[in-house]
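Taking it in order: structure first as structure tokens, then the write-up.
All of the numbers you see were taken from the coordinates with simple rules; none came from a lab. The structure displayed is predicted, hence computed values, not measured ones. As a convention, Cβ positions derive from the backbone with ideal geometry for all residues, glycine included, and neighbour counts pool all protein chains shown.
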Amino acid sequence: MTTIENQLQQTNARITDACAKAGRPAQAVQLLAVSKTFAAEAVLAALQAGQQAFGENYIQEGVEKIAAVRALCADLALTPALQWHCIGPMQSNKTRLVAENFDWAQTVDRLKIAERLSAQRPEELAPLQVCIQVNVDGGSTKAGVAPQQALELALAVARLPRLVLRGIMSIPDDAPGFEAQCALHQRAAAVFDAIKASGGTGLENFDTLSMGMTGDLEAAIMAGSTMVRVGSGIFGKRDYAR
């Protein structure tokens, strides 16, 4: 068994255990393997171990890796149902790369970005699945729409063609201990619930609460997360100097 395969199994076991403690079925939470800074070969190892959804923070790196993984799969005659999520910040000059190469964009935090993604999504591709990023901490240096403005943005995004609004994502600051982590994630869950309860047009597929990473996935699942984003817990420690 490879290290990645073993760590993937351990991560899935953590998710299953956390779901049981939260009184939720294990299948209620999807695992997104965050492969930023890791080579296409690492993605292939996770793919061969059963993982199909991958997240990339750096758009250019992600686009190159998508192509590299596609080439590796072709060499091995593999035809996996891969799913690529953009989970990093999006500037206006990078929206076309996201629209043309990714399946999901989880960090939409203003209408201008959503409008560009909508206009630039190729007609031959399925609609881009998107999440609104919400800044639950309120920090001025952090990305994400303010919680009190999330509903307005969500309803505007939901009306755009070539996009499907799937939910919200959050990246709160580290919190000391399980209870503090839960409290932060519950803020995002409250925003998710409010948007879903609004009954707005275009919310028929609003089902994704993307929150929780390697260090706090148990608290996120207790708070209602439906998708956890795990990188180092699967691929190991990152070397940003490479």
Tell me which GluC sites (Glu not before Pro) from region 95-145 have a DSSP coil assignment and no more than 13 other beta carbons within 10 Å of their own.
Glu123, Glu124
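With respect to the cross-link table entries Lys65/Lys112; Lys94/Lys237; Lys36/Lys142; Lys21/Lys112, which display a Cα-Cα separation exceeding 30 Å? Please report the intermediate quantities before stating the final value.
Values: Lys65/Lys112 27 Å; Lys94/Lys237 27 Å; Lys36/Lys142 20 Å; Lys21/Lys112 40 Å.
Among Lys65/Lys112; Lys94/Lys237; Lys36/Lys142; Lys21/Lys112, the Cα-Cα distance tops 30 Å for Lys21/Lys112.
Can you give the FRET efficiency to the nearest 0.05 for Ala26 and Ala81, using r as the Cβ-Cβ distance and R₀ = 30 Å? Working shown, then result.
Values: r = 20 Å, r/R0 = 0.66.
Efficiency, rounded to the nearest 0.05: 0.90.
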Mean Cβ neighbour count within 10 Å, used as a protection proxy, ranking 165-175, 194-204 highest first
165-175, 194-204
With the dipole of the chain defined by +1 on each Lys or Arg Cβ and -1 on each Asp or Glu Cβ, the option from Ala99, Gly236, Ala45 whose Cα lies farthest towards the positive pole is Ala99
Got a sec? How would Asp137, Asp216 order by Cβ neighbour count within 10 Å, fewest to most?
Asp137, Asp216
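What Kirkwood hydrodynamic radius, in Å, does the chain give when the mean of 1/r is taken over all pairs of distinct Cα atoms and then inverted?
18.2
Order these by the 10 Å Cβ neighbour count, fewest first: Cys131, Cys73.
Values: Cys131 26, Cys73 18.
Starting with the residue having the fewest Cβ neighbours, the order is Cys73, Cys131.
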Name the aspartates and glutamates eligible as straight-distance cross-link partners of Lys196: C-alpha to C-alpha under 18 Å, and not fewer than 8 places from it in the same chain.
Asp109, Glu152, Glu204, Asp207
